[in-house]
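Notes follow the structure.
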Amino acid sequence: MAKIKKKGTSGQAKNYITRTQAVRKLQISLPDFRRLCIFKGIYPREPRSKKKASKSATQNTTFYYTKDIQYLLHEPLLRKFRDQKALAKKIARSLGRGEVGDAARLEKNHSPKLTLDHVIKERYPTFIDALRDLDDALSLLFLFANLPSTNHVPPKTIALCQRLCHEFQHYLITTNSLRKSFLSIKGIYYQATIQGQDIMWLVPYRFVQRVNGDVDYRIMATFVEFYTTLLGFVNFRLYSSLGLRYPPKFDTRSDENGAELAAFTLEGRTVGDPPKAIEAGNKQSSNANQEVSREVQDKVDKVIKNAQLDQASEQVAETTEEATDAIDKFEPAAPEADTLPQPDLSGDQAGSLFAPFTFYISREAPKAPLEFILRAFGCKRIGWDTVLGDGAFTNNEADPRITHQIVDRPALPESSLPAIPAASEDGAVQKVRPGTRIPGRTYVQPQWIWDCINEGKLLRPDLYAPGATLPPHLSPWVKPKKGGYDPRASLAEQEEEGEAEAAAEAEDSDEEMAEAAEDKPAAADSESEEEEDEDESVDGGMDVAGTDDDDESEEEEEAEADFAGFEEADAGSESEDEEETVRTQHQKELEAEAAGLPFSGGNASAAKKKSQTKKIASKKRQEEEELDRQKMMMSRKKRKLLEKMMYSNKKQAEESAKLRSKRRRLEKGGGN
Amino acid sequence: MAALKASKKRKAVTRDVEEETGVFSGDELNGGDLDGALSDNAHDLSISSDEDASDSEIELVDDFSDSEDDDGEELDSDEIPSDGEDKASPTTVNLQGPFKDNESSSEEEDEEQLNYRIEKDANGNDRYIYDEINPDDNSDYSDVDENTNTIGNIPLSFYDQYPHIGYDINGKKIMRPAKGEALDALLDSIEIPKGWTGLTDPSTGKPLELSQDELELLRKVQMNEIPEDGYNPYEPLLEWFTTEKEIMPISAAPEPKRRFVPSKHEAKRVMKIVKAIREGRILPYKPPTKEDEEDKDLIKFDLWADEAEHPNHPTHIPAPKLPPPGYEESYHPPPEYLPDKKERKAWEETDPEDREQDFLPQDFGSLRKVPGYETFVKEKFERCLDLYLAPRVRRSKLNIDPESLLPKLPSPEELKPFPTACAAVFRGHKGRVRSIAVDPTGIWIATGGDDGTVRVWELLTGRQLWSVKLADDDEPVNVVRWRPGKDAIVLAAAAGDEIFLAVPPMIADPETEQASLDLLDAGWGYAASKPAPKVADDEKKKSTPPQWVRPSAALADSGVCAVIPLRYIAKSISWHRRGDYFVTVCSGASTPASVAIAIHTVSKHLTQYPFRRRIKGGGPPQTAHFHPSKPILFVANQRTIRAYDLSRQLLVKIVQPGARWISSFDIHPTSSTAAGGDNIIVGSYDRRLLWHDLELSQRPYKTLRYHRKAIRAVKFHPGGRYPLFADASDDGSLQIFHGNVTGDMLSNATIVPLKVLKGHKITGELGVLDIDWHPREAWCVSAGADGTCRLWM
């Protein structure tokens, strides 16, 4: 007889460990355990059977892998935590004795410093791994960079977050690796592609964040501690991969003046000395004249670029010469074929989108995101109002070099605008009254920038003129799905067959009558005004076949009739009626043609429409029958699975149908 | 001893007396006893106590001194008290004790030997009564005062309302001492006795008075003197160890050098430190400067300088990324994404946890109007919580196209032709049409119904060509079947308990008609030439094959050529492929097993009963068919189908469809030819249609249950031109299937459902009763319980 196995000695009971057990095993406090888990990236697991894994009857237990916890036992951080605990005891003792100075000395000098380098190396063995996990890090750090300092969030942390974020942004600007951005109601989403990894993060709008009571900053601070180290290493690697010195030069004074991105100066590592010299010479002048310093800076940038990215620029030149190297766009010839994903927008393209322009950001527009995006998409010269901070290409709104101005204020009537000031030659900063239109430049709303970069090309700026009703801002990440609703496509394209008709029929019929009445006179003088007629028929949204050229319509009609007859062969007596009507109509048409009169399908169109809906209904029925037929041959298990999947698809279809109906209503409301 | 004795007595008898004396101290009690011994007259307690204290020792000696006398005395005295005890009051007993004591104490001799006395008990037996042990002053034990209050450490005030203040060691109440009157109290207060404290002894409840010794002790303690008497604090010093130095050393060894030379080792260590400090290796502690601390955050090396792929543990699940925002999250979404009033209200009313989206789409129109997002920090915090607190489970999401799950069926278009619609309706029968058959040429159909008529119709036009009434109205025509083969048109019909063979006149060309008549007539001669069967045995009579007879004149006129009186109602007729034989099955329960199945030979006008015995298991036979190419007869009873080799007279195979009650079956026309093995479809009354591949197994290859009611008939398309089969059901529908049998053994038959044909009305729980295929076209005909037949094409 086999040995009776004891319960709880193998399998799930051994593989899982509850949190309490884990804490006890590690001999640390629960907050320390939490920190350790956050640092090491250890998360609870869901055992396949909770009952087997737990020895207690408690339902809400958190389980960890025993192996995970065992692996934590050897963590050097554990010793640091214990040191910390010992130090805390010492401090408490000195405080108890009233030796405040001693406690302060202990706290200052003996507090163990946590280094997370090894943890990061462990969690992200390769650089790509780190990039892959950068989404959450960036989102959180950008949030902390925008938080006000409180006693939970020390200003040092905020400064560190800001520095790291700006450094990262500078890398994106230099490599033009920002791909997409989206203005949502939560904040601004960005997506960059670094070494083939898509990184998406969310930056809040610059408002003071409301903090509810139920946010534990200690947890977030732990995450921030880890993420700052991670982003620091990532930045170092990214900068050194470009041959730039890390950390970049940081101008504290300029930063205090509100030049956020511009406070940093990137320096090459190999050509370290020359730019440094320029930098040194620049320093005195920068205080005197900001504008000059920017120009010099641009030059420096150019020098660096030339030095570092020679090959790249050559490549660019080559591509422009030989267009054959570029990736061609593959368009599927037939609709049923599969489409392969194609690389969209390379770095070169992104870098040249706004390159030739000079932008001026008005006071009311958000400078930080605009500056970042414009720079990332190749714009070198960005000016803004002095109130927006330092580092502008120009602070003069009337600068004649400006080609585009981003404004975000309602349009005023032309008469109320102040007179255009004459462009001054001396280049002094001139005050331009807000709302003034300076000729020779394009005024756009900020959304234009976002839509342009998402499309990858310059869009018509007149749609985005100040005061104009903007086209909807669409998320660049939503891919049109089969059966899903796509707001870009027209309603007619994505409607199911006969949906519009059904909807129209469902609505009041007098509208239809009115339309039909409209069609009639149009049909009468169709010979004289064919073009107009066509337009009208398009506008009407109904296929009034009779108004088209006679021959064409005839052929179509015939074909359709045949098709209908063929399809309806099994539908019984109904189809016969239909055939009859089609036949009589055809006969009428023939007669009309013989008489030399244009045949008006006005009367017939209603009937035809009806027949069409019927046809569609019968087709649907046929499809259902076919589905039933196929279902009959499936096993029950598979049928269940199919029905489950059909359910989710159906839900999606319903959603999109709802959106379509809403749009139909809106269009109708707007059109009439 | 006497005292003890007395106390024993007292315990036994003199309760009331003791109660009175309970308050007195123990000494006084003893004294009391002695007092009684000394003198009768007065209970002078004070004197007695004194005396007791003084002469207790002497008394002991006395006790030892005399015993003999005492004994003798006691015996005498015992006699008296025994009587006395009986009558006398307790007081007398009380008195007696002391008297005895008196005597014993007076004669003090030899108490050593006998420390007991013998008394008579109530029964007159001897009773040894030992003296009580008197723990005297020599005793180790502290004199436990019998009158000590035993209430323990509780306040005396608990007993304020009682007359007693506690219990002594014997459980007797200690009565409250008589408190003096106010005057007494006053007097007490005036003349303070020595040792008066004004306190009450909690153990006795009496005023606590201190003795002289105690007062002295207290005084000494107060004066910081040594309380014990006779303690000399200044005793002469006794030196255990000498305080004087010895002149001579213990060891003669000289003092080692290390005792007076500085340590080299220490100097070395000090030098080391000094050197290290000089070299700067050891730095005096300096708190880090601000710059250092700032530097700490800066990363100064490439962590991934020597990166190596290190695949994660297979159980590692990376945190799922947040999904990218959709259109509805835009600050300026398309208007159709904005919620209308109803949706907004629904969103607001749902619990925040139940919401599908945590925000409502909003249109701000322009960027400057966009406010900060209120719950941004909270959302990020929740994300943090999710990252470290949420268990991660890899859940395989079904992200496949549901279409791909659907079996790849050949589309009905490819499988065309098959019957799709009703093309003609044949009306004429009154009552149900029980059976229908298409003739081998495909021009006519024959039907038989409840009205007892057999009718022949032209298939395409629906015109009735011939009709004959074979039986009375209550005898329905159960089955009609055409003889296969195009050379003749012979119709076999079963009505009542007879089988009719008819050649419908005037429908075919005369040659064929003549050929058919000749075919049927040829048998008459053979039957006549054959010797008549012996009808002698009664037992045999039952199973004697019936003789074919000529029909009545009326029937003969209308085309019936031969009648086979079967005596039992045949429900099934099936022709052999060559047209010379047909098998009839009488499936009624009352039919004897031996005559249920009959094979008829047309050319010989002969009927045989091939089965003697009942087919085992599954009730009476239902239907039978000949194999299309082999000499095999398939017979179905209610549950099984058996294949019999007719030439070898063997049971070849048993097929078990698993149905409860088989209604009909059909054999695939290409069975056992070059194209594969036998395939059988079986229809059953329990709504199942079963496909059997006999090569595979006895059990069905496919079980199809698409009908809601019983299946009445199943039929393959004959000739194998179209791979079609159909079934007719009581739910009023026909179902057409594609059933392709491939030639190679590797692939199974493909069965594709094609079409459900509806048209027959359900009358009296019955729908379609029979079905037949056109021999060449993909058309089928069906007979319904509603009195119509339909052609489907």
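The values are calculated or read from the model by the stated rules, or taken from the named source; none is laboratory data. A quick note: this is a predicted structure, and the numbers were derived from the prediction, not measured. All Cβ positions, glycine included, derive from the backbone under ideal geometry; neighbour counts span all protein chains shown. Accessible surface is based on the protein model in full, side chains and every heavy atom, while ligands, DNA and RNA are left aside. Shrake-Rupley method; radii C 1.70, N 1.55, O 1.52, S 1.80 Å.
Scanning residues 5 or more positions from B:THR750 or on other chains, those with amide H under 5 Å from its amide H are B:ASN740, B:THR742, with H placed 1.01 Å from N in the peptide plane. For the pair the range A:455-476 / the range B:725-793, the C-alpha centres are spaced 63 Å from each other.
Leaving ligands, DNA and RNA out of it, report the carbon-plus-sulfur percent of the accessible area of the range A:53-160 at a 1.4 Å probe.
Numbers: 3080 of 5760 Å².
Roughly 54 percent of what the probe reaches on the range A:53-160 is carbon or sulfur.
3J(HN,Hα) along the range A:155-170, derived from phi through the Karplus expression 6.51 cos²θ - 1.76 cosθ + 1.60 where θ = phi - 60°, amounts to x, 5, 4, 4, 4, 5, 4, 4, 4, 4, 5, 5, 4, 5, 4, 5 Hz, with x in place of Gly and Pro. To the nearest 10, the accessible area of B:MET271 is 110 Å² with a 1.4 Å probe.
The accessible-area loss of the range A:608-630 on complex formation, taken against its chain alone with a 1.4 Å probe, reaches 50 Å² or more at A:ARG629, A:GLN630. In this structure B:SER629 has an accessible area near 50 Å², from a 1.4 Å probe over the protein heavy atoms. Quick one: Cα centre-to-centre distance for the range A:189-208 and the range B:312-389, in angstrom? Cα centres, the range A:189-208 to the range B:312-389: 16 Å. Inverting the pair-averaged 1/r between distinct Cα atoms of the range A:89-185 gives 17.1 Å as its Kirkwood hydrodynamic radius.
Our coupling estimate for the range B:564-570, obtained by passing each phi through the Karplus curve with A = 6.51, B = -1.76, C = 1.60 and θ = phi - 60°, is 10, x, 7, 6, 10, 7, 8 Hz, Gly and Pro reported as x. Once backbone amide H atoms are built at 1.01 Å from N, B:LYS755 has B:ILE736 as its partners under 5 Å, excluding neighbours fewer than 5 places away on the same chain. The range A:102-171 and the range A:367-396 have their alpha-carbon centroids 27 Å apart. The HN-Hα couplings worked out from phi for the range A:634-649 by the Karplus form 6.51 cos²θ - 1.76 cosθ + 1.60 (θ = phi - 60°) are 8, 6, 5, 4, 5, 5, 4, 4, 4, 5, 4, 5, 4, 4, 5, 4 Hz, whole numbers, x standing for Gly and Pro. Around the amide H of B:HIS164, modelled in the peptide plane, lie the amide H atoms of B:ARG176, all under 5 Å away and 5 or more residues distant in sequence or on another chain.
To the nearest 10, the accessible area of B:LYS172 is 80 Å² with a 1.4 Å probe.
All other residues whose Cβ lies under 14 angstrom from that of A:ASN60 are scored, Lys and Arg at +1 and Asp and Glu at -1, for a net of +2.
For the interface of A with B, what's the total buried accessible surface in square angstrom, probe 1.4 angstrom, rounded to the nearest hundred? Could the numbers behind the result be given before it?
Details: alone 41610 and 51000 Å², together 83810 Å².
The contact between B and A buries close to 8800 Å².
Determine the alpha carbon to alpha carbon distance for each of A:LYS637/B:LYS709; A:LYS50/A:LYS631; A:LYS481/A:LYS644; A:LYS482/A:LYS638 and list only those over 26 Å. From the list (A:LYS637/B:LYS709; A:LYS50/A:LYS631; A:LYS481/A:LYS644; A:LYS482/A:LYS638), the Cα-Cα distance tops 26 Å for A:LYS50/A:LYS631.
Once the other residues with Cβ under 12 Å from the Cβ of B:HIS265 are scored (Lys, Arg +1; Asp, Glu -1), what is the net sum? It would help to have the intermediate numbers written out before the result.
Details: positive: B:ARG258, B:LYS264, B:LYS268, B:ARG269, B:LYS272; negative: B:GLU266.
Net charge in that neighbourhood comes out at +4.
Please list B:GLU132, A:GLU493 from largest to smallest accessible area, probe radius 1.4 Å, with all protein chains kept in place.
A:GLU493, B:GLU132
Taking the Cβ of A:ASP255 as the center, what net charge do the other residues with Cβ under 14 Å away carry, scoring Lys and Arg +1 and Asp and Glu -1?
Numbers: positive: A:ARG163, A:LYS249, A:ARG253; negative: A:GLU167, A:ASP251, A:GLU256, A:GLU260, A:ASP390.
Taking every other residue near A:ASP255 into account, the sum is -2.
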